[in-house]
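First comes the structure, then the notes that go with it.
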Amino acid sequence: MILKSIELENFMCYYGYNKFDFKEGINVIIGDNGYGKSKLYDAFYWVMYDECFDTNKKEFVKTSILKNSIVSDKALFEVDDDRVKTSVTLTFDDVEKGSEYSIQRRYFVNKLEDTITPDYVSEEIISWKELSYLNSKIINDPLKIENLKNRILPDNIKPYMWFQGEQIESIIDFNKSQTLTQAINILSDISRFDNISSLADSLQESSAKEYNKKIRSLSKDTSRSEQLEIERKKLIITLKNLEKDELSQQDQQSTAEQKAEALLNKISDAQKIKDVDYRRKSIENDLINIQQEFNKEQIDLHKKLFTNRWVLKGTENIFEEYGKKYNSYEKVKLNKMAEVKAQLEAENAMIKELQTRLPIDVPEPIHVERMLDEEHCLVCDREAPKGSEPWLKMKELIDRSKLRIKNIEDEEITIHDFSNDLKKLYQNGLGLSHNIKRIDDDISKTFTNIQKLSTKRKTLSQDLEKLEKEVESMISESAIDVSEAQNLLSSYQSQNDYAKRFQKELTLTEVSKERTKKQIEIINKELGDLVTGEIPAFLQEKVEILEDFKAIAHSTRERIFKQLVNMLEEEANKHYKEMIQGNLSARGIIKLKELSNKNYMPELVDENGNVLLQLNTGNIILIKLATIMAIISARKGSRDTDLYTLITDAPMSAFGDDYTIGFCKTVSKVYKQSIIMSKEFYKNIELRNELLNNKDIKLGKVYMITPNIPEEERTNRNSLATNIKPLN
């Protein structure tokens with residue numbers, strides 16, 4: 001059925017009565033962000049399903065929860081103590097049967113002073129009109145209502161016919177294993193083959209049990225047979241668990257591979273962003289270090305008065321003067337030391353001479369004392385009067401034990417000796433004199449370094465600003481933020497590592513499966529060897545036939561599924577080629593690649609089968625939209641594209657101009673009728689004229705919607721209404 005019109009009364013931003021008429025071909029509602037395109041999409045959905053899309057929750061919500069939020073704020077504001085009606089009406093033309101169907105949903109809100117009381121549920125009114133006789137009637141039969149809605153849009157078709165741009169990712173998310181299966185179920189009744197496969201599994205298992213039971217009944221060793229059967233059952237359970245593990249590991253491996261491949265498209269941009277951001281951070285760190293060094297130099301500039309002895313600048317003459325005086329002092333001291341030294345040398349010579357005449361205490365002191373008292377030398381028997389030279393010589397023999405050799409250190413050169421202090425002062429001055437000579441150079445170097453740091457700081461700041469702008473530009477072009485870029489390469493490596501790990505686990509599981517199967521075969525052989533008599537031929541034949549039936553059922557299902565995948569791939573490429581015809585970039589071919597878990601992932605390849613990487617966001621969305629169209633158009637003989645209307649909100653938001661026109665051309669060819677909400681034609685007048693005048697586009701009705709609200713009241717929704725202007 002063709003959708004003739006939608007009528008809105010006080011629905012959200014559509015204050016009062018509003019109407020859009022539609023024709024066959026592509027109907028376009030043009031409006032900027034926030035102008036009411038999504039609310040119009042909500043109106044279509046609300047009539048049919050009593051739900052609207054909650055942008056905060058990212059899900060459809062019932063009227064009973066939305067309540068008066070679906071009612072025009074202006075209508076609620078203007079009414080006093082009355083009931084406000086909100087309604088949306090869809091009118092469909094059933095051309096084949098010459099009739100018209102109308103579906104209306106309405107909702108009431110009561111307002112008493114400032115109190116608003118909304119109804120709990122909405123009301124649905126469905127009417128039928130026979131155009132030839134102009135008679136009409138209300139349809140109340142729930143079964144007829146359900147059949148009518150199913151004719152307008154079947155549930156299995158709905159996700160691919162009515163959708164918003166932000167839902168495309170979830171509608172055709174090939175990272176989820178059920179996505180392609182759901183699509184294939186729409187293309188054909190593949191579930192029949194699944195049922196046949198399940199039936200074949202059940203029959204084969206039943207016949208195998210019957211066969212094994214017969215073998216045990218014919219056994220010559222019943223006890224051994226029962227024991228073997230218990231072991232066989234355990235192994236069968238183990239085998240089934242291994243098969244479950246295998247499926248799980250295949251899914252895990254496939255998911256990791258899919259994520260890795262999805263990351264490949266972003267890795268080049270991510271690497272560039274990462275490299276630039278690494279340089280940015282490096283410069284940022286350098287700038288921080290330079291700033292810290294600059295601040296330190298500024299602080300040290302004052303400290304260096306003392307740490308670098310700058311306070312001594314200009315004191316060179318003081319040290320020279322002190323040096324002269326210290327030199328004079330040293331000369332006087334040296335002369336004094338020379339005099340004392342000469343005197344000591346004379347005294348020490350005399351002591352040495354005395355000590356060499358006779359050994360100490362020879363003659364013994366008592367004899368020497370006796371000779372001194374008698375004034376007579378008993379050795380030489382001569383007189384030695386007291387005080388005479390001989391007497392004194394004898395007396396020296398008594399005093400010599402008290403005499404010792406003196407050193408210069410034993411003598412007091414001066415009464416007040418400041419030699420060490422004066423020497424330290426000289427040595428300190430000597431050390432400082434070297435610093436004093438370098439002070440001018442040190443000051444010059446310090447100020448030069450400060451100037452260099454200041455210049456370098458300025459240069460780094462400029463470089464940092466350039467790199468920040470470069471990162472912002474790259475992020476804008478690639479739709480990858482810095483944090484994502486930082487993690488992308490490591491994420492890619494992680495996913496590859498996961499895939500390898502799951503592959504290893506899968507290999508071990510497969511080895512365990514084969515080992516378990518061989519153990520079952522060994523047990524089966526031993527059970528067979530224990531049989532006495534013959535197993536009925538019909539039973540053996542039954543087992544063989546059902547095993548073949550199982551193999552045929554599974555292989556047939558797999559073959560049909562692959563045929564349907566090829567059909568989907570062919571249709572998707574046809575639509576993709578149409579949509580990108582106006583763009584001169586590398587085209588590529590959509591290929592549905594089979595993964596390890598038997599799921600399929602779309603990728604873009606060249607004519608030689610080489611994968612094209614670095615796809616932009618618009619290209620990825622085009623591939624998904626092409627696949628969505630293929631799901632519908634590939635239903636040979638179903639005429640879905642003729643029977644049902646495509647309604648979508650903002651599907652082209654990630655496109656370029658060429659892709660936008662290509663999308664419109666393709667949609668107008670694929671679908672008998674479509675209704676597209678778009679902002680792309682709002683500001684781009686040239687693109688809008690292309691839409692209105694391109695003969696390759698089968699155009700229906702085109703409308704421009706704009707908010708009708710005074711400038712001074714833009715912050716107040718109580719004056720909000722929507723203007724609808726036909727453009728053709």
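The values are calculated or read from the model by the stated rules, or taken from the named source; none is laboratory data. These numbers were taken from a predicted model, which means no experiment stands behind them. Every residue, glycine among them, receives a Cβ derived from its backbone with ideal geometry; neighbour counts consider all protein chains shown. Just so you know, the surface numbers come from the protein's heavy atoms only, side chains and all, with ligands and any DNA or RNA stripped out. Shrake-Rupley method; radii C 1.70, N 1.55, O 1.52, S 1.80 Å.
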Item to complete: For Asp42, state whether it is among the acidic types (Asp, Glu) and either within 43 Å of the chain's Cα centre (by Cα) or part of a helix (DSSP H, G or I) (or both).
Response: yes
Worksheet item: Consider Leu622 against the criteria (1) modelled with pLDDT of 75 or more; (2) farther than 19 Å from Ile676 by Cβ: it satisfies all of them except one. Which criterion is unmet?
Response: (2)
Practice prompt. Can you confirm whether the range 6-26 contains a residue that is surrounded by fewer than 18 Cβ atoms within 10 Å (Cβ to Cβ) and of a type in the set (A, V, I, L, M)?
Written response: no
Practice prompt. Residue by residue through the range 212-223, note down the ones that are surrounded by 13 or more Cβ atoms within 10 Å (Cβ to Cβ) and either at pLDDT 90 or above or assigned to a helix (DSSP H, G or I) (or both).
Written response: Asn212, Lys214, Ile215, Arg216
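Counting residues that are of a type outside the set (A, V, I, L, M, F, W, C) and modelled with pLDDT under 75, which strands (runs of 3 or more DSSP E) fully inside the range 112-183 reach at least 1? Quick ask: steps written out before the conclusion?
Details: elements: 115-118, 123-130, 135-139, 162-164.
Of the strands (runs of 3 or more DSSP E) lying wholly inside the range 112-183, those with at least 1 residues that are of a type outside the set (A, V, I, L, M, F, W, C) and modelled with pLDDT under 75 span 135-139.
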Discussion item. Quick check on the range 45-57: of everything there that is touching a residue at least 40 places away in the same chain (Cβ under 8 Å) and in contact with a Ser or Thr (Cβ under 9 Å, 6 or more places away or on another chain), which residue is farthest from Tyr703 (Cα to Cα)?
Written reply: Asp50
Worksheet item: Of the residues that sit in the range 313-324 and are exposed (fewer than 11 other Cβ atoms within 10 Å of the Cβ) and of a type outside the set (Asp, Glu), which one is farthest from Ser433 (Cα to Cα)?
Response: Lys324
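What are the residues in the range 530-542 that are within 60 Å of the chain's Cα centre (by Cα) and either modelled with pLDDT of 90 or more or over 28 Å from Ser223 (Cβ atoms) (or both), if any?
Start the filter on the range 530-542 by keeping residues that are within 60 Å of the chain's Cα centre (by Cα), which leaves 540-542.
The answer is Glu541, Lys542.
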Worksheet item: For residues in the range 79-115 being of a type in the set (S, T, N, Q) and without any contact (Cβ under 8 Å) to a residue 40 or more places away in the chain, which is surrounded by the most Cβ atoms within 10 Å (Cβ to Cβ)?
Response: Ser102
Practice prompt. Answer with yes or no whether Leu187 is in contact with a helix residue (DSSP H, G or I) (Cβ under 9 Å, 6 or more places away or on another chain), open to solvent by 80 Å² or more (accessible area, probe 1.4 Å) and either at pLDDT 90 or above or aliphatic (A, V, I, L, M) (or both).
Written response: no
Worksheet, complete the sentence: Residue count, the range 60-76, condition open to solvent by 50 Å² or more (accessible area, probe 1.4 Å) and in a helix (DSSP H, G or I), comes to 5
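Matching residues to (1) modelled with pLDDT of 90 or more; (2) touching a helix residue (DSSP H, G or I) at 6+ places or on another chain (Cβ under 9 Å); (3) assigned to a helix (DSSP H, G or I); (4) among the polar types (S, T, N, Q):
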{"site": "Ala208", "(1), (2), (3), (4)": "no, yes, yes, no"}
{"site": "Ser225", "(1), (2), (3), (4)": "no, yes, yes, yes"}
{"site": "Ile237", "(1), (2), (3), (4)": "yes, no, yes, no"}
{"site": "Ser254", "(1), (2), (3), (4)": "no, yes, yes, yes"}
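Hey, could you check the range 45-59 for residues that are in a helix (DSSP H, G or I) and open to solvent by 10 Å² or more (accessible area, probe 1.4 Å) and say which is nearest to Ile145 (Cα to Cα)?
Tyr49
Give the residue that is modelled with the lowest pLDDT, with candidates limited to residues of the range 299-312 that are in a helix (DSSP H, G or I) and open to solvent by less than 80 Å² (accessible area, probe 1.4 Å).
The selected residue is Trp310.
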Response to the item:
When Arg557 is run through (1) loosely packed, with under 15 Cβ neighbours inside 10 Å; (2) over 30 Å from Ser225 (Cα atoms); (3) at pLDDT 80 or above, the failure sits at (1)
Worksheet item: If you check every pair at least six apart or on different chains, which have Cβ atoms under 7 Å apart with a residue in the range 693-721 that is at pLDDT below 90 and outside any helix (DSSP H, G or I) first and a residue that is of a type in the set (S, T, N, Q) and open to solvent by 30 Å² or more (accessible area, probe 1.4 Å) second?
Response: Asn708/Asn723
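Please find, among Lys386, Lys395, Lys423, the residue that is open to solvent by less than 80 Å² (accessible area, probe 1.4 Å), charged (D, E, K, R) and modelled with pLDDT of 75 or more. Walk me through how you get there before you give the answer.
Working: Lys386 fails: open to solvent by less than 80 Å² (accessible area, probe 1.4 Å); Lys423 fails: open to solvent by less than 80 Å² (accessible area, probe 1.4 Å).
Going through Lys386, Lys395, Lys423 in turn, the sole match is Lys395.
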Worksheet, complete the sentence: Of the residues in the range 119-166 that are surrounded by 11 or more Cβ atoms within 10 Å (Cβ to Cβ) and among the aromatic types (Phe, Trp, Tyr), the one that is farthest from Ala183 (Cα to Cα) is Trp128
